1. Can we say A:ALA168 is surrounded by fewer than 24 Cβ atoms within 10 Å (Cβ to Cβ) and not polar (S, T, N, Q)?
2. I want to confirm something. Restricting to segment B:207-224 and keeping residues that are out of contact with any strand residue (DSSP E or B) (no Cβ under 6 Å at 6 or more places or on another chain) and in contact (Cβ under 8 Å) with a residue 12 or more places away in the chain, which single residue is surrounded by the fewest Cβ atoms within 10 Å (Cβ to Cβ)?
3. For segment A:86-99, how many residues are crowded, with 20+ Cβ neighbours inside 10 Å and within 11 Å of chain B (Cβ to nearest Cβ)?
4. Residue check: is A:ARG445 charged (D, E, K, R), part of a loop (DSSP other than H, G, I, E, B) and either at pLDDT below 95 or within 21 Å of A:PRO111 (Cβ to Cβ) (or both)?
5. With respect to B:ARG106, is the statement that it is within 14 Å of chain A (Cβ to nearest Cβ), in contact with a helix residue (DSSP H, G or I) (Cβ under 6 Å, 6 or more places away or on another chain), buried (at least 24 other Cβ atoms within 10 Å of the Cβ) and basic (Lys, Arg) true?
6. Criterion first (assigned to a loop (DSSP other than H, G, I, E, B) and in contact with a helix residue (DSSP H, G or I) (Cβ under 6 Å, 6 or more places away or on another chain)) does A:PRO265 satisfy it?
7. Restricting segment B:431-442 to residues that are assigned to a loop (DSSP other than H, G, I, E, B) and within 12 Å of the chain's Cα centre (by Cα), which is surrounded by the fewest Cβ atoms within 10 Å (Cβ to Cβ)?
8. Would you check if A:ASP88 is touching a residue at least 24 places away in the same chain (Cβ under 8 Å) and of a type in the set (Asp, Glu)?
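The values are calculated or read from the model by the stated rules, or taken from the named source; none is laboratory data. These numbers were taken from a predicted model, which means no experiment stands behind them. Cβ placement follows ideal geometry from the backbone for every residue including glycine, while neighbour counts extend to all protein chains displayed.
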Protein chains: 2
Amino acid sequence: MTGVSSATDARLHEVVTASRWLAATSLAERATILREIAVDLDERAAEIVAVAAEESLLPIDRLRGEQTRTVNQLRLYADVIEEGSWLDASITHAKPDASPPVQDHRRANVPLGPVIVFAASNFPLAFGIVGTDTASALAAGCAVVAKGHPGHPRLAVLLAGIVQASLARQRVPDAAFTLLDADEAVAVLGDARITAGSFTGSIGGGTALKRIAESREVPIPFYAEMGSVNPVIVTAAAWRNRRTEILSGLVDSMTVSNGQLCTSPGVLFVPDVALSPEELAGFTRDTSAGSLLTDSIADGFRAGVCGLSETAGVEAAGALVVVEGRSAQPVLWVTDASIVEASPDALEERFGPSSVVVRYDSQSQVLRVLAGMDGQLTASIFAEPEEEIGPLVQVLASKAGRVLLNAWPTGVAVSWSMHHGGPWPASSSAQFGSVGAEAIDRFTRAVTYQNFADDLLPLPLREDNPLRIPRRIDGVVTLVEEPVCRSTMPRSETSGFASEMGSPLSR
Amino acid sequence: MTGVSSATDARLHEVVTASRWLAATSLAERATILREIAVDLDERAAEIVAVAAEESLLPIDRLRGEQTRTVNQLRLYADVIEEGSWLDASITHAKPDASPPVQDHRRANVPLGPVIVFAASNFPLAFGIVGTDTASALAAGCAVVAKGHPGHPRLAVLLAGIVQASLARQRVPDAAFTLLDADEAVAVLGDARITAGSFTGSIGGGTALKRIAESREVPIPFYAEMGSVNPVIVTAAAWRNRRTEILSGLVDSMTVSNGQLCTSPGVLFVPDVALSPEELAGFTRDTSAGSLLTDSIADGFRAGVCGLSETAGVEAAGALVVVEGRSAQPVLWVTDASIVEASPDALEERFGPSSVVVRYDSQSQVLRVLAGMDGQLTASIFAEPEEEIGPLVQVLASKAGRVLLNAWPTGVAVSWSMHHGGPWPASSSAQFGSVGAEAIDRFTRAVTYQNFADDLLPLPLREDNPLRIPRRIDGVVTLVEEPVCRSTMPRSETSGFASEMGSPLSR
């Protein structure tokens, strides 16, 4: 493990102090910090979007939406902090007469400490250096050191400057957020002061960083959100009734952001061994070439297309258009379930606008192919109400973090109920997700306080519940006492910003 | 990775099927399975305790208590399953008019799949093959394959037979629980069908197994509960007022189970640079040699004592008694904070009845030593109410999973609020714990169901809440509707079995 430079060493010293400072803020203070960063990002939205567009070549409208998602995501985490369930507070009162006696003990979550964030290429804002990883780590009370993606270096400097100015205006220690020198990121991941890491990107990159995190003298959790082909399965009746609508929907979904979404549908299973490439070609005929995010993504996409075109039994639908530079033409492929059973590589992720249509002849065949697939972020079913899809749902839930019915996977709501993660290699830790309320859990751990006087306890655990948060008391979930039951007064889900297929924020 | 034998291969095939079967049981059914195993273990208690005593040399009374703890722990998990919070159910209703629109989506936890459990040496029952790991994995809906500890092979066979008979009586697939051939355990950990592992034991053993779990083609979570010296800090006023009581308490706590507890207090910091070995020797004078669990633990203990006796600046309190075979005489050591700052090895875990008393001259000195220590399961403070201990609590909470005030760490309540884990190397994953309600979370992951018809959803997520579990609805924690608030009717904490210092179940 190479050490860090002396400048970075000095900075990490400040980061540790800033992280302690953040951990000691009240829930309300920390929520305010996030909301104010959102305000400051909002004010510079036009400039942010313009720079992001220049570097990523993503359309302005899509980036405007992503900017909105990014600030709303900060606001959701502010709400999550204040709501307090993330603290998982639990109180067990003393039972001196029990045999053996039980002392009073109370558990609550605390922040892990400084977190390193590796920003994504495909969401320069929402999964960038001030994206969901940074927002959820700050929400947990952890200082963040962030590595920008090489695809948008000017954007990283702009965003970091806005965050720094926001922290200064709010009198928050500036080391609560640091934009790292990219060359030092790996050394920083190995530094003993860093307590967790997160990443969005390729399987190769995520796996390599995870190994570094695990082989440190003190291993740390590393959350990598990696690859997925997001299979979509069409049943017999749905194919009979909605064939055209489904194929159009596939092309719409796979071309959102030119296919550069980790939830892009890369495989569609159809119950039709006679489906022809010519028919499929009709659905991509009117699409046009779109831009890819970086030269290396463009090279990778061309290599993937080239590899598929040379795979026996896999046919391109229509003429293959090879585009130069950072452009890519959407392409559909057609093959048979028997082929992909023999050559599972055909179902690997090709990041960009490419999707493989797999013809199957029986439900047992498609179940067999699915059972052999890697873990996925999402899996979708198109089916009619009268069909028995229980076994299909079950196998898909065993493979994916999100299962959709008659819906396309692109578009991830940033909410309290979203799970964005999945079994390996979709995520490095299937037990955690990176979008919405759940993401904060990646950066906390529990501490139990035993036999403490009330005034020495942290606020979430004091008897009178000064933070007014939901807690478990002697085994029972207990809401804040109010004149009437909280359960009869649902609060609207705050900042439940969401994006669906076809929207500029689809993912 | 060596493969498994053909017999084990065939068994793992059945284990996968049994795990699916378990995952499909209702909460009530699964709770019943655990409660019935508890009944069947209870019926054979005398025989279990006798065999455990023969093999472990632990006292009968201690093992009787541990037997009770073990069955109560199964019953607590049965309650936890039925209470349903572990499912973390969350519902976000559709918002078709939002921009962009939000589809209905609902998240709940599902079991990971087959789990391998490596049983501990020091709790033949409570952390054995039917201990907390097995109980919490079964509770989550995961089949278990367990490796018994070599220190008590006959006990493992006896316990496995009782569990098998219980499963047969209940018509549960027998592969829901398997006692592994110890020689095959490592190969099984590497097998693709295993989805998680857990372990209680040494840092070396836990680290080696964790590396195997992480370097699989599909890495899996591995939860190792490893070493800890459980520092205890005495403040100036507590030392003035309670010196004798505290030193007696130390000897009582460090000799519970002859020091073979992962929460045994291995280091006591006292604010008294003049404390003499002679005074300390008075507190161990009346203790007698006790048995150790295995030959290798006895060898390790003697090597540890030998190493400490040769460490410059560390003095034994009283004459060192070297005992043969599996016997060990409790021993206290005395040294100075300045010595352990220079030779931190003096503070490493010596599994057995040994504790180091460290004299310090200022709070800043003890804070410095503590800041340099490894992660711990517990840390304790003895202080008087008038003292300012905030900074001390803060540094201890940053190092340990449980912080105690005026209490000894041995004794871990099996409850809803316990956290038994801590930063590396106390646990391999500081985010999880192995005792009480929290332990079940190690064996689940989330799945979000999007745009599903109600009758196709899993029961925890159906609109009418048929399981009557606490859920989050549109961002708000919502309890089961009842005529009056649940928050005004606390239910007593079921099966909150606990053990405290001095009880036979101390840990």
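1. yes
2. Per the stated criteria, the residue is B:GLU217.
3. Here the count works out to 5.
4. Taking the combined requirement at face value, the residue does not satisfy it.
5. So B:ARG106 fits the description; yes.
6. Values: assigned to a loop (DSSP other than H, G, I, E, B): yes; in contact with a helix residue (DSSP H, G or I) (Cβ under 6 Å, 6 or more places away or on another chain): yes.
Yes: the conditions hold for A:PRO265.
7. B:PHE432
8. yes
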